[in-house]
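Asker: Before we start, here is the structure in question, set down as structure tokens.
The numbers here are math on the coordinates, done by the rules we state, and not lab data. If you're wondering where the values come from, they're calculated on a predicted model, not measured in any experiment. Heads up, the Cβs are rebuilt from the backbone with ideal geometry, glycines too, and the neighbour counts pull from every protein chain shown.
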Amino acid sequence: MESPVYKGARVLSGILPYSGPWTHTEALHLCRRSLFGAKKADLDLLKSMTMSQAVDHLLNVPVSPPAPPVKTYNNSITPTDPDNSVLPGTTWVNTLTNDGGVQSSRRNSFKNWWAGLMINQPTSIREKMVMFWHNHFATETQTIQNGIQCYLNNECIRRNALGNFKVFVKEITLDPGMLRYLNGYLNTNTAPDENYGRELQELFTVGKGVNNAMPLFTEADVKAAARVLTGWNINNTTNTFQFNANRHDTANKTFSSYYNNTVITGRTGVTAGDLELNDMLTMLFNNNDVALNICRRLYRWFVYY
């Protein structure tokens, strides 16, 4: 039996600025798209403005980050564990622990905290954008394991949610949670790990083209990206990224014609990783497919799938 042909649905709007009426119906539609549902107070606030003012208000995200998650769980059974000094109702994000049970409790605390931020969202697009970017730069708490690093990953997304995308890509590349999740901390000159180098291109930046067609970058580009990224790992004492020059591939990295045969010069020393990462990001962002990929994703998320 022949499969039916999907013809798509009728879409009545385009990408031109909206110039129609601004009534209860349109304000509610805007709330539903930019917030996780809408309270009557949200709707009343936006209806009291012009449409342009309402959009500006939604895009004016709070400057200060929300208060961090707090301790809602029992102490470690190990008397000397540092987490035992954290009082109930105070934050644990600055206190290290080696207790696996506490880490599990912290991950639950983190998820409850994040869900609470979405439920109690301000009348701003911030929480919807945090979820959008988490869906884009996906990680899992169960793989990251470390509660502090789960929180810091979310904080990185939150900080960059409406900022410069190139800056965002660099920060998320070096985020300890991402380094853990996509094996960046295991990527060395003697055993390059291609996991992040592949996702960086296929999902995070240039994408797979229209309708997820085959990517135009090559397998050799994935291998070259992995080599650029060798040497980065995690300092679990400070929960920050660090660079080990002895684990970095110092040879030149050559990319395909898709990237205009770019050669990233291999570097040595403590700044090698940063310099080569900057060169690779410049190469990626010189490709117009990055903008097309991100615009398509934003359109599918906020307008129509």
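Asker: If you take the Cα Rg of the chain and divide it by 2.2 N^0.38 Å, with N the number of residues, what do you get?
Answerer: 1.15
Asker: Further question: Which order do LYS253, LYS47 fall in if you start with the one that has the fewest other Cβ atoms within 10 Å?
Answerer: Numbers: LYS253 24, LYS47 15.
If I rank by nearby Cβ atoms, fewest first, I get LYS47, LYS253.
Asker: What ranking do 274-283, 31-40 get when scored by the average of other Cβ atoms within 10 Å per residue, highest first? The partial results should precede the final answer.
Answerer: Working: 274-283: 17.8, 31-40: 15.5.
Order by mean packing, descending: 274-283, 31-40.
Asker: When the convex hull of the C-alpha atoms of region 152-305 is computed, what volume per residue in Å³ does it have? Working shown, then result.
Answerer: Values: hull volume 16.8 nm³, N = 154.
Hull volume over Cα atoms, normalised by residue count, gives 109 Å³.
Asker: Which residue, chosen from VAL167, GLN149, ASN246, occupies the Cα position most advanced towards the positive end of the dipole of region 82-302, where the dipole is computed from +1 (Lys, Arg) and -1 (Asp, Glu) charges on Cβ about the Cα centre?
Answerer: Working it through, the farthest residue towards the positive pole turns out to be VAL167.
Asker: Calculated from DSSP H runs of 4 or more alone, at -39500 (n - 2.57) each and per residue, what is the 222 nm mean residue ellipticity of the chain, nearest 500?
Answerer: Roughly -13000 deg cm²/dmol at 222 nm, from the helical runs in the chain.
Asker: Over the chain, what relative contact order in percent results from Cα pairs under 8 Å that are six or more residues apart?
Answerer: Details: 400 pairs, mean separation 36.8, N = 305.
Relative CO of the chain lands at 12 percent.
Asker: OK, next. Provide the FRET efficiency to the nearest 0.05 for the ASN195-ASN98 pair, computing r from the beta carbons and using R0 = 25 Å.
Answerer: The computed FRET efficiency comes out at 0.45.
Asker: Longer than 21 Å from Cα to Cα, which of LYS40/LYS71; LYS111/LYS170; LYS71/LYS111; LYS40/LYS128 are they? Say none if no pair is.
Answerer: Checking Cα-Cα distances, LYS40/LYS71; LYS111/LYS170 exceed 21 Å.
Asker: On full extension of the chain, what length is gained from ASP274 through LYS208, given 0.36 nm per residue of separation minus the C-alpha to C-alpha distance?
Answerer: 21.1 nm
Asker: Same structure again: Assign unit charges at the C-beta atoms only (+1 for Lys and Arg, -1 for Asp and Glu), then state the dipole size of the chain relative to its Cα centre in Debye, rounded to the nearest 20.
Answerer: The calculation lands at about 740 debye.
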